[in-house]
Every structure is written in structure tokens, then in C-alpha cells.
1. Residue check: is LEU100 modelled with pLDDT of 90 or more and either crowded, with 20+ Cβ neighbours inside 10 Å or assigned to a helix (DSSP H, G or I) (or both)?
2. Please identify the pairs in which a residue from segment 205-221 that is surrounded by 14 or more Cβ atoms within 10 Å (Cβ to Cβ) and small (Gly, Ala, Ser) has its Cβ atom under 8 Å from the Cβ atom of a residue that is in a helix (DSSP H, G or I) and at pLDDT 95 or above, counting only partners at least 6 apart or on another chain.
3. Every residue in segment 222-239 that is surrounded by 14 or more Cβ atoms within 10 Å (Cβ to Cβ) and more than 18 Å from the chain's Cα centre (by Cα), please.
4. Take ARG199 and decide whether it is in a helix (DSSP H, G or I), crowded, with 17+ Cβ neighbours inside 10 Å, in the same structural domain as ILE77 (by TED's automatic domain parsing) and not small (Gly, Ala, Ser).
5. Only one residue in ALA29, ALA71, ALA48 is closer than 24 Å to GLY211 by Cβ, surrounded by fewer than 18 Cβ atoms within 10 Å (Cβ to Cβ) and out of contact with any Leu (no Cβ under 8 Å at 6 or more places or on another chain). Which one?
6. Can you list residue pairs whose Cβ atoms sit under 8 Å apart, with the first residue in segment 56-82 being more than 27 Å from HIS16 (Cα to Cα) and in the same structural domain as VAL184 (by TED's automatic domain parsing) and the second being assigned to a helix (DSSP H, G or I) and not hydroxyl-bearing (Ser, Thr, Tyr)? Count only pairs 6 or more apart in sequence or on different chains.
7. In the same structural domain as GLN263 (by TED's automatic domain parsing), without any contact (Cβ under 8 Å) to a residue 24 or more places away in the chain and basic (Lys, Arg), is that true of ARG238?
8. Are any of the residues in segment 125-143 surrounded by 14 or more Cβ atoms within 10 Å (Cβ to Cβ), in contact (Cβ under 8 Å) with a residue 60 or more places away in the chain and hydrophobic (A, V, I, L, M, F, W, C)?
Amino acid sequence: MGPTASGKTDLALHLHALGGVDLISVDSAMVYRGMDIGTAKPEPAVLARAPHALIDIREPSDAYSAAEFAADARAHIAASHAASRVPVLVGGTMLYFRALLHGLSALPAADEAIRQRLEQEAAQSGWPALHARLAALDPATAARLHPNDAQRIQRALEVVEITGAPMSELHNADAAEPSLGRVVKIGVQPESREALHARIEQRFEAMLAAGFIEEVAALRARGDLHRDLPSMRAVGYRQVWDCLEGLIPRDELAFRGIVATRQFARRQLTWLRREQGVHWLDTGDGAVQNTLTDLLADVLG
């Protein structure tokens with residue numbers, strides 16, 4: 001587990017090369033076909049050599065929930081165990097890890113009438129006004145949402161209306177799934193924040209050079225996607241889409257994308273540091289692969 005650009009994939013490939021390992025992706029953007037450059041998806045040749053389950057399993061027009069991920073991941077974990085292999089889950093979508101490790105509380109299904117009314121209210125007064133309403137009803141959820149995060153503000157208000165309880169309270173009531181067996185949690189990140197920021201900047205610039213804008217332009221040209229879909233809200237994709245729409249000047253795109261990615265990485269680390277029993281590795285250490293191998297030999301006996 002770790003923030004974006006922290007070196008998770010390289011360590012997972014190292015473990016796969018040792019043999020007896022099945023890789024399972026824990027990434028809410030890599031599930032989508034056609035989203036390759038902006039997700040830093042492993043190259044086809046790499047995936048052929050070291051297959052990752054749960055990559056390229058949905059069209060970007062489709063939804064894919066944390067609950068679906070947990071069910072799919074459990075199936076792959078069971079298959080790996082049945083083959084006497086070790087399942088290694090690698091990624092940075094912390095909600096997916098939470099759903100798998102701790103379960104998800106039973107939130108109510110969507111109510112279209114409530115959603116339409118909230119959208120109408122937002123059209124009149126703006127999402128920041130609805131965010132202020134949410135802050136009064138569910139301050140914990142409102143505190144982690146941007147005032148213009150339409151999708152999540154709408155969902156949080158919807159949940160309060162349907163259940164009469166804040167979403168934050170419902171999320172805290174974990175509905176644990178059956179045990180996964182022994183779990184070893186490994187958190188990876190460069191030792192310093194500056195090193196992580198440098199990695200993020202270098203990778204975003206490399207994505208642009210590799211054709212990230214053209215990738216998003218092709219997705220936009222399909223005609224069945226829009227900027228508020230979960231796939232197009234992925235970090236980087238939203239900024240490139242807005243650039244193509246003329247909402248962000250081209251000469252500001254790299255800066256906006258890098259800032260958004262840094263913010264995303266900070267949120268990932270906030271989630272990860274809440275996890276108990278995590279073994280931390282510094283991916284800036286030249287001997288990190290050996291450190292990982294030694295750690296697993298020690299922990300697993």
C-alpha cells in the first residue's frame with residue numbers, strides 16, 4: 001500500500017519474479033480499459049510477464065464500487081490460496097483496502113428523487129451551499145470533502161435524508177467480512193515529502209510527454225463519457241479533460257495536475273496511517289527490494 005508514485009509496482013514485480021506470487025491490483029482507475037497513461041498502468045509486456053488481476057475489467061462509462069472490488073478480490077485471493085500461491089495486493093485506493101480488510105457498512109441504495117432535487121438545489125445555490133448544509137448535518141464527512149465535490153456531497157446528503165444518520169457514523173460501523181487469513185500490511189513511500197513530490201512531478205511530466213492529453217482526447221471523443229463520471233474524476237484525468245474543455249489553459253495543465261496529484265497522495269497517506277500493524281518501507285532506499293524480501297522472510301517465518 002502507498003501513495004501514488006511511491007514505487008509500489010516495482011516492488012510488486014520484484015515479489016512476482018521470486019515466484020509463487022499472484023498480483024491483484026487495488027486501483028480504482030486501473031480497472032478501466034483505455035485509461036493507461038494517466039493511471040501509470042504497467043505496460044502490456046509487463047502485464048504479460050506478471051499478470052495483475054482486476055486491471056482492464058470495466059469500460060470507463062461503467063461504475064465499479066468498493067463492494068464489487070472486495071468481492072472480486074476475495075475470489076482471486078481464494079483462487080490463489082487454492083493453488084498454494086501467495087496473493088499480493090498492490091495499489092493505492094485505500095477505500096478498496098478498507099472494504100476488503102474491514103468490510104463496509106450497509107449504506108442505502110440511491111434515491112433518484114432525492115438526487116434530482118439536490119441537483120436542482122445545487123443549480124440554484126451552488127454546491128458550496130449544499131456543502132455548508134452537510135457541515136451542519138455531518139461535519140466529519142464535510143471536513144474531508146471539497147465544497148465543489150458534487151458527487152460526494154450529494155451522496156452524503158442523500159444518506160442523511162434516507163437514514164437520519166451521518167454517513168461518517170455509518171462508515172465507522174464496520175461490517176466485517178469473513179477472515180482473509182493471515183495478512184501482512186506493507187506501506188511504501190519515499191522517506192521525505194520532498195522526494196515524493198519530486199517523483200509526482202517527474203511522473204506527471206512523463207505522462208504528458210507520453211501522450212496523456214491525446215489519451216483523454218480519445219476518451220472524450222467516444223461520446224459516452226463526461227467529466228463527472230467516476231473514471232473521469234480520477235486525478236489527472238479531470239485536469240486534462242478540463243484543459244480540453246478550455247477550462248484550464250494549456251500552459252497551466254502540468255502545474256494543476258501536479259498539485260492535484262500531491263493532494264491525492266496526501267489523502268492516501270492520511271488513510272494509510274490510520275491502518276494498524278503496517279510495516280513501512282522507504283522506496284528511496286537503494287536496497288529496498290532486499291529489505292522487503294528480508295521483512296517477509298522474518299514475518300512469515
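1. Details: modelled with pLDDT of 90 or more: yes; either crowded, with 20+ Cβ neighbours inside 10 Å or assigned to a helix (DSSP H, G or I) (or both): yes.
Here the answer is yes, as LEU100 does meet what is asked.
2. Sorted first by the residue in segment 205-221, then by its partner, the pairs are ALA217/LEU244.
3. LEU225
4. Numbers: in a helix (DSSP H, G or I): yes; crowded, with 17+ Cβ neighbours inside 10 Å: yes; in the same structural domain as ILE77 (by TED's automatic domain parsing): yes; not small (Gly, Ala, Ser): yes.
Yes, satisfied.
5. Answer to the check: ALA48.
6. PRO60/LEU219
7. Details: in the same structural domain as GLN263 (by TED's automatic domain parsing): yes; without any contact (Cβ under 8 Å) to a residue 24 or more places away in the chain: yes; basic (Lys, Arg): yes.
Considered against the rule, which asks whether it is in the same structural domain as GLN263 (by TED's automatic domain parsing), without any contact (Cβ under 8 Å) to a residue 24 or more places away in the chain and basic (Lys, Arg), ARG238 comes out as yes.
8. Looking for residues that are surrounded by 14 or more Cβ atoms within 10 Å (Cβ to Cβ), in contact (Cβ under 8 Å) with a residue 60 or more places away in the chain and hydrophobic (A, V, I, L, M, F, W, C), one finds none in segment 125-143, hence no.
The values are calculated or read from the model by the stated rules, or taken from the named source; none is laboratory data. Just so we're clear, the structure is a prediction, and the values are computed from it rather than from any experiment. With ideal geometry, Cβ positions are generated from the backbone for all residues, glycine too; neighbour counts draw on all protein chains shown.
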